[in-house]
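Values quoted throughout were computed directly from the atomic coordinates according to the rules given, and no laboratory measurement underlies them. Keep in mind that what you see is a predicted model, and the values were worked out from it rather than measured. Cβ coordinates were reconstructed from backbone atoms using ideal geometry, including for glycine residues, and neighbour counts include every protein chain displayed.
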Amino acid sequence: MTGLAAAASQTSTGEAVQFWLLGIVAVIGALSTVLMKKAVHSALSLAGTMIVLAVFYLANGAYFLGIVQIVVYTGAIMMLFLFVVMLVGVTAADSLKETLKGQRWLAAGCGLGFGVLLIAGIGNASLNSFNGLGTANTEHGGNVEGLASLIFTKYVFAFEITGALLITATVGAMVLTHRERTERAKNQREMSEERVRGKQLPPLPAPGVYARHNAVDIPGLLPDGTPSELTVMQTLRNRGQIRDVSNESLDQLKALEQRSGERLGRDNEEEEVAK
Amino acid sequence: MENLIALLVAAPLLGAAVLLCGGRRLDRAGHWIGTLLAAASFVVGVVLFLDMLGKGAEDRALHQKLFSWIPVEGFQADVAFQLDQLSMTFVLLITGVGTLIHIYSIGYMEHDERRRRFFGYLNLFLAAMLILVIADNYLLLYVGWEGVGLASYLLIGFWQHKPSAATAAKKAFLVNRVGDMGLSIAIMLMFTTFGTFAFGPVLEATGETGEGKLTAIGLMLLLAACGKSAQVPLQSWLGDAMEGPTPVSALIHAATMVTAGVYLIVRSGAIFNAAPDAQLVVVVVGAVTLLFGAIVGCAKDDIKKALAGSTMSQIGYMILAAGLGPIGYVFAIMHLVTHGFFKAGLFLGAGSVMHGMNDEVDMRKFGGLRKYMPVTFITFGLGYLAIIGFPGLSGFFSKDKIIEAAFAKGGTEGWILGSVALLGAAITAFYMTRVMLLTFFGEKRWQPDAEGHEPHPHESPKSMTIPMIVLAFGSVFAGGFFSIGDRFLNWLEPVTGHSHGHAPVSATTVTAATMVVLVIGVAIAWAMYGRKPVPVVAPRGSLLTRAARRDLLQDDFNHVVLVRGGEHLTRSLVYVDHTLVDGVVNGTAASMGGLSGRLRKLQNGYARSYAVSMFGGTAVLIAATLLMRAV
Amino acid sequence: MNPVNYLYLAALLFTIGAAGVLIRRNAIVVFMCVELMLNACNLAFVTFSRMHGNLDGQIIAFFTMVVAAAEVVVGLAIIVSVFRSRHSASVDDASLMKL
């Protein structure tokens, strides 16, 4: 950021150091965006890269853009991404295993060729004239003022149109995510009335409270050992999928007694007689 | 006066429209309407004729332009009429004979429940034929040409419930199409050559045009004439056309429509004069048909078919004369007019005979009818004498002139043509005498038919006999009236031109020779059919007789060459189509299908896969850009 | 150091982003990679702005950001609604557009 007013075809050593250090960080961030398995990690890596880019904007004399990059991109857009990741959650799509045949090789080939061509193109281009932004930034009394004067004069129509675009995008997002209600929402009064109107005022007992099993299809046992229908949800009750386990524990107890009796060599006959 | 020309056509056209669109409510008056309108047309024609007689020879031609038909830059077709002496002759013949035959048909078709329709068709024919002869350009002539073809088709097939009539109508129509094709090609050639169709400019421009083109046009016109006038090689339809009602045979297939070819050739005389090769072909066609028709006429036992052969032969005379150039044009037309009288009379006589004989047509079952139908006998007999060229009657003058003109052609050609014409005259005498003897003389040979009804020959009603009598008058006196003082020659010469040629033999010699061959022909016929009784069942006959009974194998020839040839051609074309064309088409489709079957695997639906393609494409574009910059 | 190096960095980031788009199946990550590509472009724009000594490049970068924001809003909304109906955020699962 130093000495930009006198920018020539070479930048200062400080900027060079900054470029090489942060450039590596940016590339690593980009690579991890692509290669990280979890979308959250990708998003965070991308945010890092974007912050580095913000620094580079500042270094290139684009002060306004540098700040906007941090505030809008890193602060708003990336957080939006994180929100969506949270909404969508982890899916099979997160697997890095390729499913399309040859896709990875084609992508690698194309990417490599494209990158080489791009870099060769930049290398070939005669980019020696290097003016720096000194005069441009100071002409209107600063970078922000300079941009403002351009936006509101030369690019005013583009600016208006992007405004319209943003509105449209907002409306579009609302339309896309909006779910049509099929019936009127109940207000608080109706909800409370509905609740009192039922047979059971207090909350329903949890299933399997007094049972040995803690599953939804096993009714809780009342203190006298009989199962309580109320503890099983309506759907299962209607389907008749309730598992009655009230006798199961007694049978198990009996089997245990028999096994221990056999083991102890106790005669079973008297029991049978007793029966 | 010019305005009357359109009236000539308008009257029968109105009749056709009224009769054909009018429906059943006109059934009772239909024949009167048709006859009156035909007569009206005749009256108009006579008025125009008298007016024309009052003018000098050079300004007799009348022109009337009705409207511009196809007004396009560089392509002007008008509905315009031209009435000169040649057209006038035809107008009088068509409307005159036409009116007579309308009258005859009132009696002849009395018991036919579709009589109104018949008169509608007859009126349609008259209108079309009049358009044909008074059109002032070839395109309008073509309209009339097709119109008479249509009317002919409708009338031949009038008794369409008979399969033979339906087939005959179809055959006539199809064979005529070949000729019509020739006319349309000729018209196209004319347009490309002269840039117009009108008679005046076309015929004046023949002097500056190459002979090759004129020969082509001439040959195409000849093809058209062959189709309409039943000349070899398109002659086969005329015999079958006798399936139509007899008045139709008389009007269309004897007196008027079949002469349209002669009209066409005479009208286009300037073209033929400038194209000697085409003219030679015309003469050859005429000479061949002359003999062909005559030979066929000798062998037929069907009275109408014998007369049809005779018609073919007589038109052969006319075409021959027309092919001789200015020597013969006038005589072609003169023979045409006299032939119109006596042949119409003969056909009406034949119709009258059939009317009295329960529609029997086999001459071997007639015999001795002169006692039963005297009027028919006399009128038919006068027609007979006229056609064989009995001295003093119409045919004598007109045919004699043609034979003279043929000799006057000069050189070897002249001798050959003259001899052919003489031979034709002998054969004509033979077969006409045969018809006469078989029908009216000898013992009565008719027998009860299958249901036991014996025919009771009787004279026909007045409406039929009067036209026959009128036509008989024409047959007797027309030729003499035309020839004495060269009336007809002077009348037509301004239009067709005339030259006398240089006859190698004197006119008297020719006449004498004609008389001699006539006597020979009649004598042979008498020897064969007059002296001894005629067998009811035809004897097997010689090879030539049997061939002639089969129309000299014309249908067999057509069948073998055209039908079979066409079948083979289509079969091979179908084969080529199935293997080669379909092979190419199906092969293309199959290879495309196979290719797309492979290509569609690229469309796997995965967005990432498409993205790779886009990305690769971008890379290629960048590479290309860099490469172009490097170069 | 020559500021052209910023361009090289931009090219590198862009390529990495593009490769990510092609490789990853999670639609959200694909989106992030698109953002990465956009950012790389922005870096290039800013660098060009500095090279040519005028602010137009920065303006373009600014507009890119606005458009990117709009795009993210709509894109994420689409992802959410797709996920809601298909219970999947994989771009490969939505592969009905084939024969």
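Normalised by the number of residues in chain B, what is the relative contact order in percent for Cα pairs under 8 Å and 6+ residues apart? List each step's numbers first, then the result.
Values: 1038 pairs, mean separation 76.0, N = 631.
This gives 12 percent for chain B.
Mind checking which aspartates and glutamates have their Cα closer than 13 Å to the Cα of B:LYS462? Skip sequence neighbours fewer than 8 apart in that chain.
By straight Cα distance, B:LYS462 reaches B:GLU110.
Specify whether the C-alpha gyration tensor of segment C:4-86 places it in the rounded, prolate or oblate class, a ≥ b ≥ c being the square roots of the eigenvalues: rounded for a/c under 1.5, otherwise prolate if a/b is larger than b/c and oblate if not.
Details: a/c = 6.72, a/b = 1.80, b/c = 3.74.
In terms of gyration-tensor shape, oblate.
Can you compute the modelled spin-label distance between A:LYS186 and B:ASP59, with each label point 7 Å from Cα toward Cβ, in nm?
Between A:LYS186 and B:ASP59, the simple spin-label model gives 11.6 nm.
Could you tell me the calculated FRET efficiency between B:ARG177 and B:ASP556, based on Cβ-Cβ distance and R0 = 25 angstrom, to the nearest 0.05?
Details: r = 21 Å, r/R0 = 0.84.
After rounding to 0.05, the efficiency reads 0.75.
Let me have the relative contact order for chain C, percent, based on Cα pairs under 8 Å that are six or more residues apart. Display every interim value, and only then the final one.
Working: 78 pairs, mean separation 27.7, N = 99.
The value is 28 percent.
How high is the FRET efficiency between A:VAL196 and C:ALA94 when r is their beta carbon distance and R₀ equals 56 Å, given to the nearest 0.05? Numbers along the way, then the final one.
Working: r = 47 Å, r/R0 = 0.85.
That gives a FRET efficiency of 0.75.
Using DSSP loop states and a limit of at most 11 other Cβ atoms within 10 Å to flag trypsin sites (Lys or Arg not before Pro), what is the longest stretch of chain B containing no flagged site? Before the final figure, lay out each step's value.
Details: sites that count: B:ARG28, B:ARG531, B:ARG540.
Of all site-free stretches, the longest is B:29-530.
Taking the Cα centre as origin and putting +1 on Lys and Arg beta-carbons and -1 on Asp and Glu beta-carbons, what dipole magnitude results for the protein assembly as shown, to the nearest 20 debye? Before the final figure, lay out each step's value.
Details: 75 positive and 70 negative charges, 261 e Å.
It works out to roughly 1260 debye.
Using a/c under 1.5 as the rounded threshold, could you call the protein assembly as shown rounded, prolate or oblate? The axes a ≥ b ≥ c are square roots of the C-alpha gyration tensor eigenvalues, and prolate needs a/b larger than b/c, oblate otherwise. Before the final figure, lay out each step's value.
On the way: a/c = 3.98, a/b = 2.37, b/c = 1.68.
Prolate, because a/c is 1.5 or more and a/b exceeds b/c.
Is there a quick way to get the dipole size of segment A:32-169? I mean about its Cα centre, with the Cβ of Lys and Arg at +1 and of Asp and Glu at -1; what is the value in debye to the nearest 20?
Numbers: 6 positive and 5 negative charges, 120 e Å.
For segment A:32-169, the charge dipole is close to 580 debye.
Given the pairs B:LYS170/B:LYS444; B:LYS65/B:LYS171; B:LYS170/B:LYS300; B:LYS162/B:LYS228; B:LYS305/B:LYS409, which are separated by over 26 angstrom at their Cα positions?
The answer is B:LYS170/B:LYS444; B:LYS65/B:LYS171; B:LYS305/B:LYS409.
Evaluate E = 1/(1 + (r/R0)^6) for A:THR177 and A:ALA76, where r is the Cβ-Cβ distance and R0 equals 25 Å; express this FRET efficiency to the nearest 0.05. Kindly include the intermediate steps, with their values, before the conclusion.
Values: r = 17 Å, r/R0 = 0.70.
Working from the Cβ atoms, E equals 0.90.
Can you put B:SER105, B:SER87, C:SER90 in order of Cβ neighbours within 10 angstrom, beginning with the fewest? List each step's numbers first, then the result.
Working: B:SER105 29, B:SER87 25, C:SER90 21.
Starting with the residue having the fewest Cβ neighbours, the order is C:SER90, B:SER87, B:SER105.
How long is the gain from B:ARG24 to B:ASP582 if the chain were fully straight, where each residue apart is worth 0.36 nm and the alpha carbon distance is subtracted?
Values: separation 558, 0.36 × 558 = 200.88 nm, distance 5.33 nm.
Additional length available on full extension: 195.5 nm.
At 0.36 nm per residue, minus the direct Cα-Cα distance, what do B:MET628 and B:LEU423 gain on full extension? Give it in nm, one decimal, please. Working shown, then result.
On the way: separation 205, 0.36 × 205 = 73.80 nm, distance 9.21 nm.
This chain segment gains 64.6 nm when fully extended.
Thinking of chain B as a set of Cα atoms, what percent of all their pairs are more than 37 Å apart? Provide the component values of the computation, followed by the final result.
Numbers: 77066 of 198765 pairs.
In whole percent, the share of Cα-Cα pairs in chain B beyond 37 Å is 39.
Excluding same-chain residues fewer than 8 positions from A:LYS186, which aspartates and glutamates have a Cα within less than 14 Å of its Cα?
Cross-link targets: A:GLU194.
List the GluC sites (Glu not before Pro) within segment B:1-78 that DSSP assigns to loop and that have no more than 10 neighbouring Cβ atoms inside 10 Å.
Working: sites: B:GLU2, B:GLU58, B:GLU73; in loops: B:GLU58, B:GLU73.
The qualifying sites are B:GLU58, B:GLU73.
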